[in-house]
1. For Arg182, all conditions in the list (1) part of a helix (DSSP H, G or I); (2) within 19 Å of the chain's Cα centre (by Cα); (3) away from ligand 1 (no atom under 12 Å from the Cβ); (4) buried (at least 18 other Cβ atoms within 10 Å of the Cβ) hold save one; what is the number of the exception?
2. Looking at (1) open to solvent by less than 40 Å² (accessible area, probe 1.4 Å); (2) part of a loop (DSSP other than H, G, I, E, B), which is the one condition that is false for Glu361?
3. Between Tyr138, Tyr124, which is open to solvent by 30 Å² or more (accessible area, probe 1.4 Å), of a type in the set (Ser, Thr, Tyr), more than 18 Å from Val277 (Cα to Cα) and modelled with pLDDT of 95 or more?
4. Considering only the range 241-251, state which residues are more than 30 Å from Gly151 (Cβ to Cβ) and either at pLDDT 95 or above or open to solvent by 10 Å² or more (accessible area, probe 1.4 Å) (or both).
5. Restricting attention to the range 386-403, which residues are exposed (fewer than 13 other Cβ atoms within 10 Å of the Cβ) and assigned to a strand (DSSP E or B)?
6. Condition first: in a helix (DSSP H, G or I) and farther than 25 Å from Ala11 by Cα. Can you find one or more residues in the range 378-385 that meet it?
7. Regarding Asp372, is this residue in contact (Cβ under 8 Å) with a residue 24 or more places away in the chain, surrounded by fewer than 21 Cβ atoms within 10 Å (Cβ to Cβ), charged (D, E, K, R) and in contact with a strand residue (DSSP E or B) (Cβ under 8 Å, 6 or more places away or on another chain)?
8. Restricting to the range 88-136, name every residue that is charged (D, E, K, R) and farther than 19 Å from Ala78 by Cα.
Amino acid sequence: MRLSQSFVRTAKTPPADTETVNARLLQQAGFVDQLMAGVYSYLPLGLQVLRNIEQIVREEMDGLGANEVLMPTLHPKANWVKTGGWDNIDVLFKINSRTGNEYAMGQSEEEVVTPLVMSRVLSYKQLPTKVYQIGWKYRDELRAKSGIMRGREFLMKDMYSFHTTQADFDKFYQEAKQVYLRIFSRLGLVAKATEASGGAFTKKLSYEFMVLTDAGEDDILYCEACDYCINTEITKTAVGAVCPCGNGTLLTGRACEVGNVFDLGQKYGQDFDLGYVDENSVKQYPIMGCYGIGISRIMGVIVEKYNDELGIVWPKSVAPALVYLVSIPGRDNAALVLDTATKLYSSLQAAGISVLWDDRELSPGAKFGDADLVGIPLRLVISDKTLASNEVEWKERTAKEATRVSLDAVIAQAIAFK
Ligand code: ATP
Ligand code: MG
């Protein structure tokens with residue numbers, strides 16, 4: 001992307017009245033625009049980050065054997081009445097139509113996925129089956145104050161699994177838990193899996209995946225020595241207690257839930273009276289699980305974890321581009337600088353490396369400031385000074401100092417950096 005031709009705009013100063021780091025940096029660096037509390041537009045760079053997060057999640061869901069679908073956001077009231085959600089889920093947005101009909105905005109999709117899947121699964125031979133989608137969810141959250149970490153409209157990956165036996169479900173549940181931990185680590189996050197009580201309707205256990213951050217809204221107890229972690233809402237355990245592992249004491253911290261997995265039991269099959277026929281030709285209801293990941297929330301959490309006094313410091317796996325190329329035409333060699341930058345821009349892209357080229361007519365200082373604010377992992381600078389020795393300046397966002405790399409070697413070195 002050439003910045004001179006793009007819609008990317010950074011701001012000199014952070015927006016007023018933002019409380020959290022992610023809200024401040026993502027708006028100032030031009031990743032998102034707030035329409036109202038809890039509702040954001042994702043601008044070109046922000047959209048690219050969302051897509052990068054989505055892609056990692058998608059690869060891992062496909063690896064679990066789940067099928068991607070896209071379900072509607074506008075739901076008929078009847079489905080939500082059947083499950084009890086219409087009267088019991090306080091965050092459900094309800095819409096009155098001029099035709100006298102009522103609708104719900106999807107805040108989760110059990111009400112859609114259960115009839116969708118179970119009208120097609122007639123026999124035990126078709127189970128287990130898993131579907132997932134990546135789609136926008138709507139929730140009438142009372143307070144939306146943590147930037148994109150708590151939206152009234154937000155992007156979620158939601159997967160649903162359908163099984164014939166508890167044992168089959170339990171096995172998949174454990175597999176999904178491991179895959180979740182891998183997803184978060186690919187996203188640059190250390191997530192701890194807490195055991196928590198299930199959702200609105202089930203007493204069964206669930207896992208919540210928590211990332212320590214002061215911008216979170218949950219309090220957890222976690223072991224200093226092992227992975228043990230528990231949500232303080234549900235526990236009588238106190239800070240300083242010895243961890244069940246025996247090797248550490250429990251510390252307390254603020255955390256944000258980036259995902260969860262729930263055992264839904266047979267509730268939804270029963271609510272819709274949709275089952276399958278087992279090997280003895282007897283009707284059974286499926287055992288279901290649901291598995292959420294907050295895609296847009298994770299973008300906010302990553303910014304909370306990866307920033308410094310100059311701006312965002314994106315992990316490579318989700319950065320909107322790998323390279324921020326700065327051309328500084330100068331007075332004498334403007335044509336040569338431009339020509340070399342044009343060639344480097346194309347060769348980097350041909351090598352599969354994403355580049356933001358800052359070819360705007362701005363001072364070097366302004367370009368460097370934006371490079372740091374936007375947080376691209378690698379900054380390359382071409383100027384008449386570097387060209388005097390056939391070099392480019394190489395500066396990693398996490399490094400203090402810049403170095404020089406010869407023009408001949410820079411593509412190979414960038415590939416290695418990737
Ligand atoms: P929370 O306790 O934070 O409200 P939740 O238990 O309501 O989360 P789920 O209904 O299970 O969350 O949704 C799945 C995932 O979607 C959560 O783990 C979280 O990452 C994300 N999520 C939930 N609510 C929001 C929101 N309002 N804005 C952004 N992401 C959200
Ligand atoms: Mg919630």
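The values are calculated or read from the model by the stated rules, or taken from the named source; none is laboratory data. No experiment lies behind these values; they were computed from the predicted model shown. Every residue, glycine among them, receives a Cβ derived from its backbone with ideal geometry; neighbour counts consider all protein chains shown. The area values use the complete protein model at the heavy-atom level, side chains included, leaving out ligands, DNA and RNA. Shrake-Rupley method; radii C 1.70, N 1.55, O 1.52, S 1.80 Å.
1. Failed condition: (4).
2. Of everything listed in (1) open to solvent by less than 40 Å² (accessible area, probe 1.4 Å); (2) part of a loop (DSSP other than H, G, I, E, B), Glu361 misses just condition (1).
3. Details: Tyr124 fails: more than 18 Å from Val277 (Cα to Cα).
Being open to solvent by 30 Å² or more (accessible area, probe 1.4 Å), of a type in the set (Ser, Thr, Tyr), more than 18 Å from Val277 (Cα to Cα) and modelled with pLDDT of 95 or more holds for just one of Tyr138, Tyr124, which is Tyr138.
4. Keep residues of the range 241-251 that are more than 30 Å from Gly151 (Cβ to Cβ), which gives 241-250.
Ala241, Val242, Pro244, Cys245, Gly246, Asn247, Thr249 - these are the residues of the range 241-251 that are more than 30 Å from Gly151 (Cβ to Cβ) and either at pLDDT 95 or above or open to solvent by 10 Å² or more (accessible area, probe 1.4 Å) (or both).
5. Thr403
6. yes
7. On the way: in contact (Cβ under 8 Å) with a residue 24 or more places away in the chain: yes; surrounded by fewer than 21 Cβ atoms within 10 Å (Cβ to Cβ): yes; charged (D, E, K, R): yes; in contact with a strand residue (DSSP E or B) (Cβ under 8 Å, 6 or more places away or on another chain): yes.
The answer is yes for Asp372.
8. Pass one, the range 88-136, residues charged (D, E, K, R): 90, 94, 98, 102, 109-111, 120, 125, 130.
Across the range 88-136, the qualifying residues are Arg120, Lys125, Lys130.
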